[in-house]
Amino acid sequence: MIKLRQLGIFFFSLFSVMISCKTARNMHGVENYRVSLADSISRAIDYQMANYPQSQYRDVYKNFMQDFFGPGHILSDTAASGRYLRYELLSEESFDGPLYEPTGYKGNFYRVNLSLVKDGIVPYEEFFNAFVTSVKDIVPPSGEDWMKIWGSIDEVIHEKKLSFPEEEKDRRELNEQFKTGDYIVHHSQRFNDSVHFHYRIISRDNFQDKILPYLLK
């Protein structure tokens, strides 16, 4: 069995907001839910900054955005996506970062390291199939709902008194995108230069059913 980097480190995100319906019916239960949600967001931010200290504001945003929107924005052309994946596997030499990690605070999707394919741990076809089929079950939030979700996350960022390089520029550019209904962003150059983390976004179910078994052999 290979040594799993970051094994289980983030599974708190899948359980910390699980409150029973019965408890949530009273005000105390609702308050506990909100505290748990804020705590999950805070922990996700702490993980991001501890593991990717060169993150800019847009990189933190991207982590949470991926949790709700998945990989759909890069899979409009399946054939092109396959060609680029093969090119990336052939042209890149460094595949840093964890083997996998959940996105955001809900863990709806996983960032899965391409090293699993490069090192022959997961067959290319199995990996690509898991990646492609991760799109079909995506039900992204409406623009209005996403702005509310992101507003709650941004409140936690403020409460933690975090500051980022080029934060005002990132905020300005993101706000301009939001006005046009565009919620997808790329990593900052600062992030890419500091972390050679080549990955694809795969849904939690696909990861657990199609990828994880290869890691547990």
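The values are calculated or read from the model by the stated rules, or taken from the named source; none is laboratory data. Because the structure is predicted, anything quoted here is derived from the model rather than measured. Note that each Cβ is placed from the backbone with ideal geometry, even for glycine, and that neighbours are counted across all protein chains shown. All accessible areas refer to the heavy atoms of the entire protein, side chains included, with ligands and DNA or RNA removed. Shrake-Rupley method; radii C 1.70, N 1.55, O 1.52, S 1.80 Å.
General observations
- E126 exposes around 60 Å² of accessible area when a 1.4 Å probe is run over every protein chain in place.
- In a reduced charge model with +1 at each Lys and Arg Cβ and -1 at each Asp and Glu Cβ, the stretch 113-217 shows a dipole moment near 260 debye about its Cα centre.
- Positive-end extreme of charge dipole, the stretch 109-216 - chosen from F127, V139, V185 (charges on Cβ): F127
- Under-5 Å amide H pairs with E101, H placed in peptide plane, nonlocal only: R111
- Zone residues, the stretch 183-198, relative to S91, backbone N less than 20 Å from point 7 Å out along Cα-to-Cβ: 186-198
- Integer Hz, Karplus 6.51/-1.76/1.60 couplings in order for the stretch 200-215, x for Gly and Pro: 10, 8, 10, 4, 4, 5, 5, 4, 5, 7, 10, 9, 4, x, 5, 6
- Value of Rg/Rh across the stretch 60-150 [Cα atoms, Kirkwood radius]: 0.99
- P(r) tail fraction, the stretch 90-196 - alpha-carbon pairs more than 19 Å apart, %: 61
- Convex hull volume per residue in cubic angstrom - Cα atoms of the stretch 154-204: 142
- For R204, the accessible surface of its heavy atoms amounts to roughly 70 Å² (probe 1.4 Å, protein chains only, rounded to the nearest 10).
- Extension gain, H186 back to S152 (0.36 nm per residue minus Cα-Cα distance, nm): 10.1 nm
- Among the listed pairs K136/K161; K62/K161; K62/K118; K118/K169; K106/K160; K106/K161, those whose Cα-Cα separation exceeds 30 Å are K136/K161; K118/K169.
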